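Right, one structure below, let's go through it.
The values are calculated or read from the model by the stated rules, or taken from the named source; none is laboratory data. Please read these numbers as outputs of a predicted model, since none were measured by experiment. Virtual Cβ from ideal backbone geometry, glycine too; neighbours counted across all protein chains shown. Note: areas computed on protein heavy atoms with side chains; ligands, DNA, RNA excluded. Shrake-Rupley method; radii C 1.70, N 1.55, O 1.52, S 1.80 Å.
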Amino acid sequence: MLGFIARRIVNYVILASIATVLGYVLASATLNPAARYLGRNPPIPEASINSILNDLNINPDTPILERLGIWITGLITRGSLGQSVTGNEVTADIVSRAGTSLRLLIIGSILGAVIGVALGVWGAVRQYRASDQVITYSSFAVLATPPFVVAVLLMIGATNVNRASGQQIINFTGEYTAGLDGGFWVIFGDRLVHLILPTISLTIGAVALYSRYQRSAMLDVLSADYIRTARAKGRTRGSAIVRHGVRVALIPMSTFFAYSFGTILTGATITENVFSWHGMGEYLLQSVTSSDINAVAGTILFTSILVLIAGTLSDVVYAALDPRVRV
Amino acid sequence: MSLLNPELVESSEHVEGAHQTDAVNSRLAQIWRRLRSTPRFWVGAIALLLICLWALFGLALYPWSATDQDGLAFSQGPSASHWFGTNGIGQDLYAQTIIGLQKSLLVGLIVGPAAALIAGFVGAISGYVGGVWDRVIVWFIDLLLVLPSFYILVLLSPTFKNASIVALILFLALFGWMVLARVVRGQTMSLREREYVKAARYMGVGGLTIVRRHIIPNVASLLIIDATLGVGAAILSETALSFFGFGIQPPDVSLGTLLSAGSSAAVTRPWLFVFPSAVLILTVLATSLIGDALRDAVDPTSGATRD
C-alpha cells in the first residue's frame, strides 16, 4: 500500500510541476504586462518600461524559455516566485491570502463530501420514493444554478433577514468586520458569521454534485450479488447496506473526489470574488486582469499543490477502502 | 477457405451488417420505449423546445431592441411596455435577455456535441491503440484536469475576449472534453478484448476503421448523453467567464454580462438579476433533465430492483 501511495505521489508531483510550467508559459504568452505602462500621461519612456519589465523578469522581448529558467532558478534557490507588478513578493501575497482560501476550501469540500455522500446513499436506498425524488430534483436545480447566482441569492436572503430583524445579524461582505474591537471570542465569532454564506454557497454545489454520483454508484452496488448474499446469510438490511454497500460504493467516489476538486476550486474562486474575500481565487482573477505574470504563475503553483494534496488524500482513501491495492 | 474468397467475404459482411442494423434498431426502439415513459424526458424536451422557439421568435413582435434606450423609463420594474423592466440607462431587459439567451443556446448547442466528439475520438484512440500513445494522452488529460479548465480559460481570455464569439466557442470545446475522454478510454479498453473486435482485427481491418465501425457505435450512448449534459455545462462556463469579464465583453450582451450588471443591484432592483438568472437556470435544467433521462434509458442497470 505504501508503494502504491508513493507511486501516486511521484505521479502527482510530476503532474503538478508540468502544470505549473505550463501555467507560466501560458501566462507569459497571453498576458501583456507592458500594456500597464503604456498610454499614460505623461508617457513613460520605453527605456524605463523595459527596465521595469526586466527587473520583474516579465519582459516579452526576453525569450520565454530564458524567463522560465530564471523563474525556476529563483524558486529553487531562493524559494521566491518573483515580484508582482505592485512590487510585493508573490510568496508574501500568497502567504497572506492562502489562509482565507484554505478556510473556505477545507470546510466547503469536507462538508460537501460528507453531506453529499449521506444524501446519495439515502437517495439510492429509497430509490423513487418521495425523499429520493426531492433530493434528485433539488440537486438538479442546484447544479443548473451558477455558483454566483447562488451566492447573490443568499446575499439577497441575508439582506432581507437583516432588514426584517432590524439589525445586522448576518454579515457577508469580506472576511471579517474591519476595525472591530474586542477579545479573541468576539473576533472569532465575527469571522464565523462572515464564513456562513460563502460556506453555504460553496457547499451546496458540492453536495448536489457528490450526491448524484454517490447515488448512482450506490445503485450499482445495491443490485450486486454480494448484497443479496449478505442478506441471505442473515445480515439485517441496514448492516448489509452499510458494511457491504456504502464501503464498496465509496471506492469509485474516492477517485471522483480527486477529479472533482477542480470544480470545487472553481466554485471557491467564484465565491471568493462575489463575497469580496481576499483569497487566492480573487488573486488569480485580479492578476490576469492586471497582466501580472509572476502572480498568475504563483497562483497556478499554489493550485497544483492543492490538487496534489487532494489527489494523494483520495488515493489514501482508495487504498484504505479497496483491499486489492494493498496486496 | 471462404475467407479468401472476396465474394463470400463481401456477402458475409453484408449479412453481418444487416444483422447489426436489426440489433441497432431494436436497441434504439428499446431506448425510445424507456425514454417515452420517463416524465423527466418530456418535461426537459418540451421546456427546451419552448425555450429555443422563444429565443428565435421572442423578439419578433416586441417593439424594443436590445440596444434601444427608453428615455422615459430608467430603472423601472416590469410593466406592460417593458416586460422585464429596464436598466439604469433605459435599455429593455426583456430584449437583452432574449439576445443573451440566443448566445447561450448557440454556445451550448455547439460546444456540448463538439466536446463529446473530441472526447469520443481521443478516448477511443487512446484506449484502442494503448502503449506509449495511451500513456501520453492520459497524461495530457490528467494535466488538464489538474489545471481547472476555468483557470485555463481565464488565462487564455486575453486571446479570445475581444475576438468574435466563435473563438470563445472554440476554446470552450477545446477544454471541455477531458473527463468524458477518460470514461470512453476505459470503455474502449474493455471493448478491445471482445470477440467481434478481435475477429475484425485478425481479419486485417485497420485500427481507425475498427474505432469508427465498432468502438464509436458502442460508446455512442455515452457520447450522446454527455453531448446533452455538455450543453448545460458549456452554457454555465460561458456565463461564469462573462460574469467576471473574461468572456463576452459589454456592450455585447450575454446572460453572464447581464447577471454581472444585475448582481450589484440585486437587492434594490431585483428584476435586473432575477429574470436573466431564471431564464439561465431553466435552460440548463431542461438540458440536464433530458441528459439524465437519456442516461437512465440507455443504462439497463440503472433501474435495477432490489429487496
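Sort through A:ARG78, A:ARG67 and tell me the only one that's out of contact with any strand residue (DSSP E or B) (no Cβ under 9 Å at 6 or more places or on another chain), charged (D, E, K, R) and open to solvent by 50 Å² or more (accessible area, probe 1.4 Å).
Answer to the check: A:ARG78.
Would you point out the residue of segment B:238-297, among those that are open to solvent by 30 Å² or more (accessible area, probe 1.4 Å), facing chain A (nearest Cβ under 7 Å) and in contact (Cβ under 8 Å) with a residue 40 or more places away in the chain, that is farthest from B:PHE41 (Cα to Cα)?
Once the filter is applied, the top-ranked residue is B:PHE244.
Looking at segment A:171-209, which of its residues are surrounded by fewer than 17 Cβ atoms within 10 Å (Cβ to Cβ), in contact (Cβ under 8 Å) with a residue 24 or more places away in the chain and not in a helix (DSSP H, G or I)?
Matches in segment A:171-209: A:THR173, A:GLY174.
Please report, ordered by residue number, the helices (runs of 4 or more DSSP H) entirely within segment B:129-183 with at least 2 residues that are facing chain A (nearest Cβ under 10 Å) and open to solvent by less than 60 Å² (accessible area, probe 1.4 Å). Break it down into steps so the answer makes sense when it comes.
Values: elements: B:131-146, B:149-160, B:165-174.
Per the criteria, B:131-146, B:149-160.
Does A:ILE14 meet the test of being within 24 Å of the chain's Cα centre (by Cα), without any contact (Cβ under 8 Å) to a residue 24 or more places away in the chain and within 13 Å of chain B (Cβ to nearest Cβ)?
Numbers: within 24 Å of the chain's Cα centre (by Cα): yes; without any contact (Cβ under 8 Å) to a residue 24 or more places away in the chain: yes; within 13 Å of chain B (Cβ to nearest Cβ): yes.
Yes, satisfied.
Mind checking which residues of segment A:224-262 are charged (D, E, K, R) and under 30 Å from A:VAL307 (Cβ atoms)?
Going residue by residue through segment A:224-262, those that are charged (D, E, K, R) are A:225, A:228, A:231, A:233, A:235, A:237, A:243, A:247.
Across segment A:224-262, the qualifying residue is only A:ARG247.
Out of (1) within 21 Å of the chain's Cα centre (by Cα); (2) at the interface with chain B (Cβ under 9 Å from one of its Cβ atoms), what's the single condition that is false for A:ARG231?
(1) is the only condition that A:ARG231 fails.
Quick one: which of A:VAL307, A:VAL274, A:VAL248 is in contact with a Ser or Thr (Cβ under 8 Å, 6 or more places away or on another chain) and among the β-branched types (Val, Ile, Thr)?
Details: A:VAL307 fails: in contact with a Ser or Thr (Cβ under 8 Å, 6 or more places away or on another chain); A:VAL248 fails: in contact with a Ser or Thr (Cβ under 8 Å, 6 or more places away or on another chain).
Among A:VAL307, A:VAL274, A:VAL248, only A:VAL274 is in contact with a Ser or Thr (Cβ under 8 Å, 6 or more places away or on another chain) and among the β-branched types (Val, Ile, Thr).
If A:THR62 passes every condition in (1) over 24 Å from A:GLN286 (Cβ atoms); (2) of a type in the set (Val, Ile, Thr); (3) not in a loop (DSSP other than H, G, I, E, B) but one, which one does it miss?
Here A:THR62 meets the rest and fails (3).
Kindly indicate which of A:SER138, A:SER216, A:SER131, A:SER211 is facing another protein chain (nearest Cβ under 10 Å), hydroxyl-bearing (Ser, Thr, Tyr) and more than 24 Å from B:THR268 (Cα to Cα).
Details: A:SER138 fails: facing another protein chain (nearest Cβ under 10 Å); A:SER131 fails: facing another protein chain (nearest Cβ under 10 Å); A:SER211 fails: facing another protein chain (nearest Cβ under 10 Å).
From the options A:SER138, A:SER216, A:SER131, A:SER211, the qualifying one is A:SER216.
Consider only pairs whose beta carbons are under 7 Å apart and that are at least six residues apart or on different chains; among these, list those whose first residue lies in segment A:19-47 and is more than 8 Å from chain B (Cβ to nearest Cβ) and whose second residue is among the small types (Gly, Ala, Ser) and assigned to a loop (DSSP other than H, G, I, E, B).
Sorted first by the residue in segment A:19-47, then by its partner, the pairs are A:PRO33/A:SER291; A:ALA35/A:SER291; A:ARG36/A:SER290; A:ARG36/A:SER291.
Looking at B:ALA200, B:ALA265, which one is of a type in the set (A, V, I, L, M), modelled with pLDDT under 90 and farther than 24 Å from A:SER287 by Cα? Quick ask: steps written out before the conclusion?
Values: B:ALA200 fails: modelled with pLDDT under 90.
Just a single option satisfies the conditions, and that option is B:ALA265.
Take the residues of segment A:266-288 that are surrounded by fewer than 24 Cβ atoms within 10 Å (Cβ to Cβ) and under 19 Å from A:LEU22 (Cα atoms): which is farthest from the other protein chains (Cβ to nearest Cβ)?
In this case the residue turns out to be A:LEU285.
Has segment A:146-162 got at least one residue that is exposed (fewer than 14 other Cβ atoms within 10 Å of the Cβ), among the hydrophobic types (A, V, I, L, M, F, W, C) and either within 14 Å of chain B (Cβ to nearest Cβ) or assigned to a helix (DSSP H, G or I) (or both)?
yes
Return the residues of segment B:38-95 that are among the aromatic types (Phe, Trp, Tyr) and without any contact (Cβ under 8 Å) to a residue 60 or more places away in the chain; say none if nothing qualifies.
Let us first name the residues in segment B:38-95 that are among the aromatic types (Phe, Trp, Tyr), namely B:41-42, B:54, B:57, B:62, B:64, B:74, B:83-84, B:94.
Correct list: B:TRP42, B:TRP54, B:PHE57, B:TYR62, B:TRP64, B:PHE74, B:TRP83.
So, in segment A:234-265, exactly how many residues are charged (D, E, K, R) and more than 13 Å from chain B (Cβ to nearest Cβ)? Walk me through it before giving the result.
Initial filter on segment A:234-265 (charged (D, E, K, R)): A:235, A:237, A:243, A:247.
Now restrict to residues that are more than 13 Å from chain B (Cβ to nearest Cβ): A:243, A:247.
Count: 2.
Here's the yes/no breakdown for (1) part of a loop (DSSP other than H, G, I, E, B); (2) surrounded by fewer than 23 Cβ atoms within 10 Å (Cβ to Cβ); (3) of a type outside the set (Gly, Ala, Ser); (4) touching an Asp or Glu at 6+ places or on another chain (Cβ under 6 Å):
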position: B:LEU59; (1), (2), (3), (4): yes, yes, yes, no
position: B:PRO63; (1), (2), (3), (4): yes, yes, yes, no
position: B:ALA66; (1), (2), (3), (4): yes, yes, no, no
position: B:LEU72; (1), (2), (3), (4): yes, yes, yes, no
position: B:GLN96; (1), (2), (3), (4): no, no, yes, no
position: B:LEU105; (1), (2), (3), (4): no, yes, yes, no
position: B:PHE121; (1), (2), (3), (4): no, yes, yes, no
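The conditions are (1) under 17 Å from the mean Cα position of the chain (by Cα); (2) open to solvent by less than 20 Å² (accessible area, probe 1.4 Å), and B:ALA233 fails exactly one of them. Which is it?
Looking at each condition in turn, B:ALA233 falls short on (2).
Within segment A:93-109, count every residue that is open to solvent by 60 Å² or more (accessible area, probe 1.4 Å) and of a type in the set (D, E, K, R).
Result for segment A:93-109: 1.
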